1. Please specify each residue of region 317-342 satisfying the condition of being more than 18 Å from I362 (Cβ to Cβ) and either within 13 Å of the ligand (Cβ to nearest atom) or of a type outside the set (A, V, I, L, M, F, W, C) (or both).
2. Of all residues being under 14 Å from the mean Cα position of the chain (by Cα) and of a type in the set (D, E) in region 347-400, which is modelled with the lowest pLDDT? Just the residue, please.
3. When the residues of region 221-239 are narrowed to those that are surrounded by fewer than 24 Cβ atoms within 10 Å (Cβ to Cβ) and over 19 Å from the mean Cα position of the chain (by Cα), which ends up farthest from the ligand (Cβ to nearest atom)?
4. Being over 18 Å from F340 (Cβ atoms), of a type outside the set (D, E, K, R) and within 14 Å of the ligand (Cβ to nearest atom) is the filter here, so list the residues in region 281-308 that pass it.
5. Any residue in region 193-218 that is of a type in the set (S, T, N, Q) sitting within a Cβ distance under 7 Å of a residue that is within 9 Å of the ligand (Cβ to nearest atom)? List the pairs, counting only those 6 or more apart or interchain.
6. If the requirement is being outside any strand (DSSP E or B), within 16 Å of the ligand (Cβ to nearest atom) and modelled with pLDDT of 95 or more, which of these qualifies: R187, R210, R179?
7. When you look at L264, is it modelled with pLDDT of 95 or more and away from the ligand (no atom under 15 Å from the Cβ), yes or no?
8. Test of understanding: among A236, A263, A258, which residue is outside any loop (DSSP other than H, G, I, E, B), small (G, A, S), touching a residue at least 40 places away in the same chain (Cβ under 8 Å) and assigned by TED's automatic domain parsing to the domain that holds Y322?
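The values are calculated or read from the model by the stated rules, or taken from the named source; none is laboratory data. Just so it is clear, the model here is predicted, and its values are computed rather than measured. When we count neighbours, we look across all protein chains shown, and the Cβ atoms used for this are built from the backbone with ideal geometry, even at glycine.
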Amino acid sequence: MKIIRLRVGKERSLQRRHPWVFDSAIAKGSADAGETVRIESSEGQFLAWAAFSPNSKIRARVWSFDESQRIDAAFFQARLSEAVAARHWFHIDSDACRLVHAESDGLPGLVVDRYGDTLVAQFGSAGVERWKPVLIDALLAATGLTKLYERSDTSSRKLEGLSPSTGWLKGQASGPTQRVLREHQWRLALDVATGHKTGFYLDQRDSRQRFAEWAAQRQFARVLNCYSYTGGFTVAALVGGAQHVTSIDSSALALELAKANVALNDLAFDAQGQSRADFLDADVNATLRRFLAEGRQFDAIVLDPPKLAPSAAHAERAARAYKDINRLALQLLPPGGVLFTFSCSGGISADLFHKIVASAGIDAGVDGFIAERLGGAPDHPMTINFPEGEYLKGLVVVRR
Ligand code: SAH
């Protein structure tokens, strides 16, 4: 068993049960990619069992803080069963769900989503890559499912020195990758091979539901869904009773699916045969500026941009981009208008995001009530010891 010895004073974060060891904390020791190592303090005291990652700044990720724990197939079977069982503790109103959320489920680097009878997995660290065959068998055993598709094409893999890997791992050698999920009172089509993440943004499930509830309560006439992707918030608003939704995205493929999803839920036309949805293949920032110049207004706006700050290092430039779109959106609302605004950047804390929206309001000359704070759905849990787990945050702002 290889030993990784830390520098003096570098044991503190592990003692607080934080699961990462950075390269700068290591005094000596090395191992192969994904190999299990024993992490010790500068004085030789046991701290954790971890997976070594020779190419990453996060040089080791902890499997266990228990010295008597063996890291073997039985360990992974137990962790996966626990993760799957924990989903019964949360209210998840969908047949699609995140079953394994990496560090939060004690499996650093592993993400597994379920879409009906199909599992989609992302192996994002050297540790889970090394244990892949064991994890595959354990996943099928823990869920009783037979179809497993791999989407190991995340950028984090590159940082771990791993190349992309995608395709069917189990259940079928080829075959359709399209699925239709049900969440709350609607259905949404997706493609596990070509969709973002593992196919869809499951983490926004409950915020979509809140948006449907706001739409039902306020009966919005005009809604604008920015960064709509495949139309999750669009469908939610229309189900809620919004009269008309404009969806903007820069991906033509995503918009095609958004249009199909509106039709799938029978929401494309009202009783008079008027269209309830239109779709703009365009840049959000430029379109918001154009709408402002044209004097248009919307009763509700969703801003759910992609990750503008992947890490804290990008925070400053990203903060300007967030501020810009939030300022424009606030200006497009009449008094009483509602903004659902999000950031999924790990590098932007909830506190900083609030400040960004506040300064957007000042620049817009607009004040607002913060009616709600939103976060990721509960199957994307954060744990007490891993604050990095909080990446998605949202505010519901009502213009005064
Ligand atoms: N709200 C969605 C997820 C949004 S993901 C849901 O609930 O499912 C972010 C989306 O922003 C992606 O679909 C991407 O194509 C789009 N996008 C990225 N940059 C953009 C830009 N500058 N203008 C418009 N859309 C953009």
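1. The answer is R317, A318, P334, G336, F340, F342.
2. So the residue we want is E388.
3. Restricting to residues being surrounded by fewer than 24 Cβ atoms within 10 Å (Cβ to Cβ) and over 19 Å from the mean Cα position of the chain (by Cα), the top hit is A221.
4. Within region 281-308, A282, A286 meet the criteria.
5. Q204/G232; Q204/D304; Q209/A236
6. Details: R187 fails: outside any strand (DSSP E or B); R179 fails: outside any strand (DSSP E or B).
Answer to the check: R210.
7. no
8. Going through A236, A263, A258 in turn, the sole match is A236.
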